[in-house]
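Notes follow once the structure below has been shown.
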Amino acid sequence: MIRNIIFDLGNVLLSFKPSEYFDKKKYPATIKATILADIFGSQEWLMLDNGEITTREAINGISKR
């Protein structure tokens, strides 16, 4: 019996390109660089993506910086 099905959404079923999104929405370069580094370049983001921490834990860790 199958109990769980896991879908890999980011760049598999859905396009996930935050940098292109920020360009499309005309974010200033400094804000774009900050968001990309502080969120998407963080250890918490990697851990969240690997399922090692919850969204709440990632938010708490990132927001402390």
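The values are calculated or read from the model by the stated rules, or taken from the named source; none is laboratory data. In this text the structure is predicted, and so the values were computed from the model without any measurement. When we count neighbours, we look across all protein chains shown, and the Cβ atoms used for this are built from the backbone with ideal geometry, even at glycine. Surface accessibility is based on the protein's heavy atoms, side chains included, excluding ligands, DNA and RNA. Shrake-Rupley method; radii C 1.70, N 1.55, O 1.52, S 1.80 Å.
Key figures
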{"quantity": "Accessible surface, the chain, averaged per residue in Å² (probe 1.4 Å)", "calculated": "88 Å²"}
{"quantity": "Which of THR54, LEU14, ILE2, positive extreme of dipole for the chain (C-beta unit charges)", "calculated": "LEU14"}
{"quantity": "Around ILE62: net Lys/Arg minus Asp/Glu count, Cβ-Cβ under 10 Å", "calculated": "-1"}
{"quantity": "Fraction of alpha-carbon pairs over 16 Å apart in the chain - percent", "calculated": "59 percent"}
{"quantity": "Cβ charges +1 (Lys, Arg) and -1 (Asp, Glu), total dipole of the chain, debye", "calculated": "280 debye"}
{"quantity": "Relative contact order [Cα under 8 Å, 6+ residues apart], the chain, whole percent", "calculated": "19 percent"}
{"quantity": "Cα-projected label distance for MET47 with VAL12, points at 7 Å along beta-carbon direction, nm", "calculated": "2.3 nm"}
